[in-house]
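Peer 1: Please see the structure below; I have some questions.
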Amino acid sequence: MVSVGRTRFGEHYEKEPEKLIEEAWLKASIEGNLERRDLEACYLSDYFLPITNKLGLEEGFLSELTELHVPMEVTRSFSSALMNAANAIQAGRYDVVLVGGIEKMTDRWDKIRDDLMLLEDPWSYYAGCTPEANHELMLRAYIKKYGIAGDDLETLSLALAQVSVKNHIHGTKNEYAQYQRKITVEQVLSARKESRRPLGLYDYAPISDGAAILILTSEKAAKEYTDKPVYISGSSSATDYLTYPAREDMTHFLVTEVAMKNALKLSGRNLGDIPIVELYDQSTVMEMISLEDLGFCKRGTAWRIINESCQDYKGYYEINRKKLFVNMSGGLKADGNPLGATGGAQVFEVFKQLRCEAGERQVAKDGELKHGCVLELEGFGTKGYVYILGRE
Amino acid sequence: MSSEPIERRVSYLGDRLRGNRCLICGKEYFEIRDYCGKCGRKSYGKMVSTDLFYEKGKLEVCTLIDEPTNKFTKLGSYIYGTVSFHDGRIRVPGRLTDRSAIFGENIDFSALEDRDVVPRFRRRYSVDRSDVIPTISLAFTFADEYYPYQPYKTAKPKKEYDLPGIVGYGVYTSRFRIKEGSIERSVPFIDEDSITAAVEAGKLALIHSEVESCMVGKIYVGSESNPYAVKPIASKVAQVLKLGEEEEDVQGVDAVDTEFACKAATSMFKDAAALVNYPKSNIKYAMVIGADNSQAAPRDCPGGELDLFVGYGAAAFLFGKQDVIAEIEGWYSCTSDTPDFWRRDGEPHPMHGGRFTGDPAYFKHVRKSAKKLMERLNLKIEDVDYFVAHQPNVQFPVRMAKELGFKEEQYMPMLQVAKFGNTYSGAAPVGLAAVLDIAEPDKRILVASYGSGAGSDAYSLITTSQLLDKRQNQKLTVKYQACNPFLEYVDYTTYRRLKAGM
């Protein structure tokens, strides 16, 4: 990876999708000192632009925008676009490829939850499910499986609130984040009380517009554009059933576990080599579950670690006396969650951190951070993508 | 936007909760699978069809849905969760239905979890008025509340009778009531209508009769509140209840809707009986259902007087010649063109003729059919143990019974209108079911229905000893539904809203 660019996430009702992708492209191309004609192919991702913005054949609009007539493909998530691009480069087909993600969800505010749910799983939708309900069922299943009750239940509930508060703190230092303000544990808890549900407004990532772009090159070509390329040292994806209740275990995502194991194996690294991770916190529960699925915490224990680390938050979770920096961008909760572009922002963050360009958010000095990890999901754990990124 | 092919496929699977089980490893699927995901090709041809329609599930985990997706907004707030069957071998998503509001600041989800639930056939969500009505059975109610779990056990017939008669019956009304003065009336939940009531009643009749559903060769559904002007209710009943032999996805059964105001169902009793008695019909059983979400204009509009009496419910009767619980001794029907109650095509609510609905309509026809039948069968008043009449209100059937000379003990058991309201096509049938619930063997029941427009069907039935044998299959009796601790009473505004449906 030689350069990245993105827009601020949030509500961009005045902008066409083209404007957002243009903005991200300009940043990435300036950073990498690239010209459009350098691009040999484009991999674009959007989850449901044809539904939200009545835009089919998104490749065409990218071609009009760039005046490029190179091969272009569209996938559903940034991670999947990146996977295709990386495979093509590895196969020796291209040297310089654009990977872009775009989503414009707020244009369809009134119907967005129906679309999200129907695409996530039709049977759950027919049974009356909402995009939020599965997260709450997962929490209920987790509580039941590990027999969490009494004071422990209070602590678990508090820990999940702390996840949200923590991610908002990180968001204040991210100029691109949708929410750049702090929230309190009390706000999270009172929103839950108001909703009468296990999770409330502040437990969930928002609906967002935004775009992100990165330029992926072959190892050989990278040096032409930057002195500090970031490498994909391992990557993997996994797939599971569409219908969440039909899966064997409702307390975790199999796809995360499988993708992480394979990505680590490919990279030749182990968990201990990874001090920073951007994970897919569509809800606070997902952050907790992902810490376990990725292997950083033992099953059934992540909430304790979160709670202990957040008593007096120092900017990281402390697991077995080791620091783990999680969602320094603010995560999906504060940074935003424009589906097709979300993965781009996650990679953006780890890219910047590894190159020591994260400004106020920077967690370690230049050269100290060797590896970072990105987890992106599609659907409710139907697909999982893991990338191990490194400076070498 | 609607897609009929998608709707057809979803309701084919979802109404009955159809699936497959692998005979090699036992893995179950809630969908049609030609082979098992675990066993692969070797399981091809070793998948058996299953369904969860008569099963009992367990609510595993749940949460509250307060802000549903757009098509579910009319449900307001509801409990949503996962339901497992067969000791967790199969798990499906589902919502709890039949709860008008979810109260309390702190909902204790653990108190709802791990309880037994029963799948219920309901409307799925709201669609445009011109669209196909989507249905599904991924709606559930607790087995320890209003609607108990009843297994469907079939049995080989034990006895052949000379005369055809009723071999099983079922009555269904919802758990919601409106109470005004001394009269209570059943109110459908928002996801119910005459179609769902017809299916429920038919299901209960199959359970009660112990007859295999594939043996039913004809289904008649009488209703005056079919949500469709064109499209039968009977086809839905036939498919959901798997009536007749199923081949591919088509049921080998004749299904038809009938219409004659409140006598649309009773009129077909004799047709069903004649059909099963015809030696070459090859039909062993025929089902007749009367189902209505009785319509009435709002109280301050023309025709709004009916709004004080309309109810919701259905009754199903299965006719045959084997294991009969009440033989049909004879019948008499009469008809005249008397416009006392009508609804023009395209109008949402019926109109009626006020005082004209009494003497020249109801009393004239019911009196005629009852008297004529008794004359034909040479019966005296004391030969009849129970009298059942159509019941649009309390006064009419009581006045009729008294005028004919019946005593209270003969006509009181059928009088259910004060508990359920006028269930239109289901009204006389519910009265008959109430009598069958309590009658001893060898009792004579005289039924006289009434349908506006106008006509009446009178039947004489004689109960058999098998009535007692099958009684244990009937947990949802008329009395159980009339006096139930789980009844929920709603106000007038809610009643109108629920009746209008999704």
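Peer 1: Of the residues that sit in the range B:76-95 and are of a type outside the set (Ser, Thr, Tyr) and at the interface with another protein chain (Cβ under 7 Å from one of its Cβ atoms), which one is nearest to B:Gly26 (Cα to Cα)?
Peer 2: Narrowing the range B:76-95 to residues of a type outside the set (Ser, Thr, Tyr): B:76, B:79, B:81, B:83, B:85-95.
Among the residues that remain, those that are also at the interface with another protein chain (Cβ under 7 Å from one of its Cβ atoms) are: B:81, B:91-95.
Numbers: B:Gly81: 25, B:Arg91: 14, B:Val92: 17, B:Pro93: 21, B:Gly94: 23, B:Arg95: 27 Å.
Once the filter is applied, the top-ranked residue is B:Arg91.
Peer 1: For the range B:11-26, which positions are among the small types (Gly, Ala, Ser) and farther than 24 Å from A:Gly128 by Cα? Don't jump to the end; show me each part of the working.
Peer 2: First pass over the range B:11-26, keeping only residues among the small types (Gly, Ala, Ser): B:11, B:14, B:19, B:26.
Listed by number, the list holds a single entry, B:Gly26.
Residue by residue, here is whether (1) modelled with pLDDT of 95 or more; (2) within 28 Å of A:Lys352 (Cα to Cα) holds:
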position	(1), (2)
A:Ala28	yes, yes
A:Ala41	yes, yes
A:Gly56	no, no
A:Val70	yes, no
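Peer 1: I'm told A:Asn262 meets every condition in (1) of a type in the set (S, T, N, Q); (2) farther than 17 Å from A:Val347 by Cβ; (3) outside any helix (DSSP H, G or I) except one. Can you identify the failing condition by its number?
Peer 2: Result: A:Asn262 passes all but (3).
Peer 1: Please work out if A:Glu368 is free of Cβ contacts under 8 Å to residues at least 40 places away in the same chain and surrounded by fewer than 24 Cβ atoms within 10 Å (Cβ to Cβ). Please lay out each step first, then the result.
Peer 2: Values: free of Cβ contacts under 8 Å to residues at least 40 places away in the same chain: yes; surrounded by fewer than 24 Cβ atoms within 10 Å (Cβ to Cβ): yes.
Yes: the conditions hold for A:Glu368.
Peer 1: Six or more apart or on different chains, Cβ under 6 Å: which pairs go from a residue in the range B:99-112 that's within 8 Å of chain A (Cβ to nearest Cβ) and assigned to a loop (DSSP other than H, G, I, E, B) to one that's small (Gly, Ala, Ser) and surrounded by 11 or more Cβ atoms within 10 Å (Cβ to Cβ)? Could you list them?
Peer 2: That search, which allows pairs on different chains as well, returns B:Ile102/B:Ser77.
Peer 1: Of (1) more than 10 Å from chain A (Cβ to nearest Cβ); (2) in contact with an Asp or Glu (Cβ under 7 Å, 6 or more places away or on another chain), B:Gly26 satisfies all except one. Which?
Peer 2: Unmet for B:Gly26, out of (1) more than 10 Å from chain A (Cβ to nearest Cβ); (2) in contact with an Asp or Glu (Cβ under 7 Å, 6 or more places away or on another chain): (2).
Peer 1: Taking the stated definitions as given, is A:Gly128 within 14 Å of chain B (Cβ to nearest Cβ), surrounded by fewer than 21 Cβ atoms within 10 Å (Cβ to Cβ), on the phi > 0 side of the Ramachandran plot and more than 24 Å from the chain's Cα centre (by Cα)?
Peer 2: On the way: within 14 Å of chain B (Cβ to nearest Cβ): yes; surrounded by fewer than 21 Cβ atoms within 10 Å (Cβ to Cβ): no; on the phi > 0 side of the Ramachandran plot: yes; more than 24 Å from the chain's Cα centre (by Cα): yes.
No; evaluated as a whole, the condition is false for this residue.
Peer 1: Let me ask something additional. Of B:Asp307, B:Asp271, which residue is modelled with pLDDT of 95 or more, within 24 Å of B:Ser225 (Cβ to Cβ) and in contact with a Lys or Arg (Cβ under 6 Å, 6 or more places away or on another chain)?
Peer 2: On the way: B:Asp271 fails: in contact with a Lys or Arg (Cβ under 6 Å, 6 or more places away or on another chain).
Criteria check complete, one pass: B:Asp307.
Peer 1: Continuing with this model, one more query. In the range B:113-127, what residues are more than 10 Å from every other protein chain (Cβ to nearest Cβ), assigned to a loop (DSSP other than H, G, I, E, B) and among the basic types (Lys, Arg)? Break it down stepwise before answering.
Peer 2: Restricting attention to the range B:113-127, the residues satisfying the condition of being more than 10 Å from every other protein chain (Cβ to nearest Cβ) are B:115-123, B:126-127.
Checking which are assigned to a loop (DSSP other than H, G, I, E, B) leaves us with B:115, B:126-127.
If the condition is that a residue be more than 10 Å from every other protein chain (Cβ to nearest Cβ), assigned to a loop (DSSP other than H, G, I, E, B) and among the basic types (Lys, Arg), then B:Arg115 is the only one that fits.
Peer 1: Is there a residue being at pLDDT 95 or above, away from chain B (no Cβ under 12 Å) and out of contact with any His (no Cβ under 7 Å at 6 or more places or on another chain) anywhere in the range A:136-144?
Peer 2: no
Peer 1: I'd like to know if the range B:142-158 contains one or more residues that are touching a Ser or Thr at 6+ places or on another chain (Cβ under 6 Å), in contact (Cβ under 8 Å) with a residue 60 or more places away in the chain and either at the interface with chain A (Cβ under 10 Å from one of its Cβ atoms) or of a type in the set (Ser, Thr, Tyr) (or both).
Peer 2: Just the residues of the range B:142-158 that are touching a Ser or Thr at 6+ places or on another chain (Cβ under 6 Å), to begin with: B:147.
Filter again for in contact (Cβ under 8 Å) with a residue 60 or more places away in the chain, leaving B:147.
If we keep only those that are either at the interface with chain A (Cβ under 10 Å from one of its Cβ atoms) or of a type in the set (Ser, Thr, Tyr) (or both) too, we end up with B:147.
Scanning the range B:142-158, I find at least one residue that is touching a Ser or Thr at 6+ places or on another chain (Cβ under 6 Å), in contact (Cβ under 8 Å) with a residue 60 or more places away in the chain and either at the interface with chain A (Cβ under 10 Å from one of its Cβ atoms) or of a type in the set (Ser, Thr, Tyr) (or both), so the answer is yes.
Peer 1: Okay, moving on. Within the range A:227-262, which residues are away from chain B (no Cβ under 14 Å) and touching a Phe, Trp or Tyr at 6+ places or on another chain (Cβ under 7 Å)?
Peer 2: Result: A:Val230, A:Ile232, A:Ser235, A:Ser237, A:Ala259.
Peer 1: Restricting attention to the range B:152-175, and to residues there that are aromatic (Phe, Trp, Tyr) and in contact with a Phe, Trp or Tyr (Cβ under 6 Å, 6 or more places away or on another chain), which single residue is surrounded by the most Cβ atoms within 10 Å (Cβ to Cβ)?
Peer 2: Kept after step one, since they are aromatic (Phe, Trp, Tyr), are these residues of the range B:152-175: B:152, B:161, B:169, B:172.
Now drop any that are not in contact with a Phe, Trp or Tyr (Cβ under 6 Å, 6 or more places away or on another chain), which leaves B:152, B:169.
Working: B:Tyr152: 17, B:Tyr169: 26.
Looking at the filtered set, the residue picked out is B:Tyr169.
Peer 1: Please enumerate the residues belonging to the range A:1-50 that are aliphatic (A, V, I, L, M), under 19 Å from A:Ile89 (Cβ atoms) and not in a strand (DSSP E or B). I'd like the intermediate steps shown before the answer.
Peer 2: Quick first cut of the range A:1-50, residues aliphatic (A, V, I, L, M) only: A:1-2, A:4, A:20-21, A:24, A:26, A:28, A:30, A:34, A:39, A:41, A:44, A:49.
Retained after the next criterion (residues that are under 19 Å from A:Ile89 (Cβ atoms)): A:1-2, A:4, A:28, A:34, A:39, A:41, A:44.
Hits for the range A:1-50 are A:Met1, A:Val2, A:Ala28, A:Leu34, A:Leu39.
Peer 1: Which of (1) within 14 Å of chain B (Cβ to nearest Cβ); (2) of a type in the set (Gly, Ala, Ser); (3) farther than 29 Å from B:Ser2 by Cβ is the odd one out, the single condition A:Ser79 does not satisfy?
Peer 2: Here A:Ser79 meets the rest and fails (1).
Peer 1: Go through (1) touching a helix residue (DSSP H, G or I) at 6+ places or on another chain (Cβ under 8 Å); (2) outside any helix (DSSP H, G or I) and name the single condition B:Asp442 misses.
Peer 2: (1)
Peer 1: Considering only the range B:32-75, how many residues are within 12 Å of chain A (Cβ to nearest Cβ), assigned to a loop (DSSP other than H, G, I, E, B) and either closer than 21 Å to A:Leu139 by Cα or at pLDDT 95 or above (or both)?
Peer 2: The total comes to 4.
Peer 1: Turning to a different aspect of this structure: Write out, first by first residue and then by second, each pair whose Cβ atoms fall under 8 Å of each other, whose residues are 6+ apart or on separate chains, and whose first residue, in the range A:198-212, is part of a helix (DSSP H, G or I) while the second is among the hydroxyl-bearing types (Ser, Thr, Tyr).
Peer 2: Pairs that qualify, where the first residue is part of a helix (DSSP H, G or I) and the partner is among the hydroxyl-bearing types (Ser, Thr, Tyr), are A:Leu201/A:Ser195; A:Tyr202/A:Ser164; A:Asp203/A:Ser164; A:Asp203/A:Ser283; A:Asp203/A:Thr284.
Peer 1: So which residues in the range A:144-165 are assigned to a helix (DSSP H, G or I), among the hydrophobic types (A, V, I, L, M, F, W, C) and free of Cβ contacts under 8 Å to residues at least 12 places away in the same chain, if there are any at all?
Peer 2: If the condition is that a residue be assigned to a helix (DSSP H, G or I), among the hydrophobic types (A, V, I, L, M, F, W, C) and free of Cβ contacts under 8 Å to residues at least 12 places away in the same chain, then A:Leu153 is the only one that fits.
Peer 1: For the range B:159-175, check the following and say yes or no: at least one residue is closer than 25 Å to A:Trp123 by Cβ and touching a strand residue (DSSP E or B) at 6+ places or on another chain (Cβ under 9 Å). Outline the logic, then answer.
Peer 2: Taking the range B:159-175 as the starting set, the residues that turn out to be closer than 25 Å to A:Trp123 by Cβ are none.
The answer is no; no qualifying residue exists.
Peer 1: If we scan the range B:9-22, do we find a residue that is buried (at least 21 other Cβ atoms within 10 Å of the Cβ), part of a strand (DSSP E or B) and within 11 Å of another protein chain (Cβ to nearest Cβ)?
Peer 2: Yes: the range B:9-22 contains one or more residues that are buried (at least 21 other Cβ atoms within 10 Å of the Cβ), part of a strand (DSSP E or B) and within 11 Å of another protein chain (Cβ to nearest Cβ).
Peer 1: Would you check if A:Val374 is surrounded by 23 or more Cβ atoms within 10 Å (Cβ to Cβ), at pLDDT 95 or above and of a type in the set (A, V, I, L, M)?
Peer 2: On the way: surrounded by 23 or more Cβ atoms within 10 Å (Cβ to Cβ): yes; at pLDDT 95 or above: yes; of a type in the set (A, V, I, L, M): yes.
So A:Val374 passes the test.
Peer 1: So how many residues does the range B:214-255 have that are crowded, with 24+ Cβ neighbours inside 10 Å and free of Cβ contacts under 8 Å to residues at least 60 places away in the same chain?
Peer 2: Adding up the residues that qualify gives 7.
Peer 1: Next question, about the same structure. Quick one: in the range A:106-122, of everything that is out of contact with any Pro (no Cβ under 6 Å at 6 or more places or on another chain) and not charged (D, E, K, R), which residue is farthest from the other protein chains (Cβ to nearest Cβ)? Before the answer, list the steps.
Peer 2: Step one: filter the range A:106-122 for residues out of contact with any Pro (no Cβ under 6 Å at 6 or more places or on another chain), giving A:106-112, A:114-115, A:118-122.
Going one step further and asking which of them are not charged (D, E, K, R), we end up with A:106, A:109, A:112, A:118-119, A:122.
Numbers: A:Thr106: 16, A:Trp109: 12, A:Ile112: 10, A:Leu118: 8, A:Leu119: 12, A:Pro122: 8 Å.
Across the range A:106-122, the extreme among qualifying residues is A:Thr106.
Peer 1: Restricting to the range B:279-296, give me the number of residues that are closer than 16 Å to B:Lys218 by Cα and either at pLDDT 95 or above or part of a helix (DSSP H, G or I) (or both). Even if it seems obvious, please write down each step before you answer.
Peer 2: In the first step, residues of the range B:279-296 are kept if they are closer than 16 Å to B:Lys218 by Cα; the result is B:279-290.
Now restrict to residues that are either at pLDDT 95 or above or part of a helix (DSSP H, G or I) (or both): B:283-290.
So the count comes out to 8.
The values are calculated or read from the model by the stated rules, or taken from the named source; none is laboratory data. Here the structure is a predicted model, which means the values were calculated and not measured. We place every Cβ from the backbone using ideal geometry, glycine too, and count neighbours over all the protein chains shown.
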